[in-house]
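Student: Just dropping this structure here.
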């Protein structure tokens with residue numbers, strides 16, 4: 001399975017993502033420059049963390065206009081797998097590939113620490129190898145990770161089981177104390193209506209090996225690979 005990792009000016013987790021899929025998951029990967037429109041026949045696209053274009057306007061807002069994103073939108077519309085991590089999640093929301101927005105953390109401070117995530121649905125290519133209710137330990141590192149959407153959108157996300165991850169306690173309990181940034185409904189990650197686009201604030205790329213403190217993030221990439229292997233050949 002070939003992964004493409006987008007590189008924007010200001011990306012700082014592109015190499016983390018490349019390492020996670022190429023070395024830890026053992027899959028071919030390539031870097032995709034923001035000014036290109038060629039996805040190089042990749043099977044999955046990673047929109048990595050960082051500060052795309054310096055986040056000078058609004059997180060992810062300028063990246064939305066990058067030539068590569070037009071190709072990503074077309075790819076996603078055709079069912080291609082796209083995962084946006086941290087700043088990548090912000091970019092996917094700005095690009096309207098996912099609903100809602102990421103606001104400043106409730107405490108108005110940058111947060112970098114390990115958090116616990118509860119797997120809320122296994123009906124996605126990113127979680128189908130896990131169990132509903134599993135708790136993953138994955139780090140965060142963001143200033144604007146406070147997920148927000150209107151009531152109608154939240155109701156739709158719940159009804160369609162599109163909330164993929166919620167911040168939780170180590171035992172899996174969803175509490176305010178487990179929420180590091182004030183995110184609505186403790187939301188840490190959501191998927192698209194087609195379930196092929198995932199946005200999440202925590203970093204699976206930074207938790208791909210035990211030496212990093214946790215290898216739980218690798219499970220998400222491995223699920224993507226398994227999904228590709230199970231897909232009917234054309």
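Student: Taking the options 16, 38, name whichever one is modelled with pLDDT of 95 or more, farther than 22 Å from residue 125 by Cα and either in contact with a strand residue (DSSP E or B) (Cβ under 9 Å, 6 or more places away or on another chain) or not in a loop (DSSP other than H, G, I, E, B) (or both). Even if it seems obvious, please write down each step before you answer.
Tutor: Numbers: 16 fails: farther than 22 Å from residue 125 by Cα.
Of 16, 38, the one residue that is modelled with pLDDT of 95 or more, farther than 22 Å from residue 125 by Cα and either in contact with a strand residue (DSSP E or B) (Cβ under 9 Å, 6 or more places away or on another chain) or not in a loop (DSSP other than H, G, I, E, B) (or both) is 38.
Student: Any residue in the stretch 111-128 that is touching a residue at least 40 places away in the same chain (Cβ under 8 Å) and on the phi < 0 side of the Ramachandran plot sitting within a Cβ distance under 7 Å of a residue that is buried (at least 21 other Cβ atoms within 10 Å of the Cβ) and assigned to a loop (DSSP other than H, G, I, E, B)? List the pairs, counting only those 6 or more apart or interchain.
Tutor: 111/180; 111/181; 115/180; 115/202; 117/202; 119/127; 121/127; 125/196
Student: Given 98, 81, which one is farther than 19 Å from residue 16 by Cα, crowded, with 19+ Cβ neighbours inside 10 Å and at pLDDT 95 or above? Don't jump to the end; show me each part of the working.
Tutor: Values: 81 fails: farther than 19 Å from residue 16 by Cα.
Answer to the selection: 98.
Student: What single numbered condition from (1) surrounded by fewer than 20 Cβ atoms within 10 Å (Cβ to Cβ); (2) within 15 Å of residue 102 (Cβ to Cβ); (3) in contact with a helix residue (DSSP H, G or I) (Cβ under 8 Å, 6 or more places away or on another chain) fails to hold for residue 182?
Tutor: (3)
Student: Looking at the stretch 198-211, can you tell me whether even one residue there is without any contact (Cβ under 8 Å) to a residue 24 or more places away in the chain, closer than 23 Å to residue 231 by Cβ and not in a strand (DSSP E or B)?
Tutor: There is no residue in the stretch 198-211 that is without any contact (Cβ under 8 Å) to a residue 24 or more places away in the chain, closer than 23 Å to residue 231 by Cβ and not in a strand (DSSP E or B).
Student: Please pick out the residue among 194, 199 that is under 26 Å from residue 79 (Cα atoms) and exposed (fewer than 15 other Cβ atoms within 10 Å of the Cβ).
Tutor: The unique qualifying residue is 194.
Student: Go through the stretch 19-35 and give me each residue that's out of contact with any helix residue (DSSP H, G or I) (no Cβ under 8 Å at 6 or more places or on another chain), surrounded by fewer than 15 Cβ atoms within 10 Å (Cβ to Cβ) and outside any strand (DSSP E or B).
Tutor: The answer is 23, 26.
The values are calculated or read from the model by the stated rules, or taken from the named source; none is laboratory data. Everything quoted here is computed from the prediction, not taken from an experiment. Don't worry about glycine lacking a Cβ; one is built from the backbone with ideal geometry, like all the others, and counts go over all protein chains shown.
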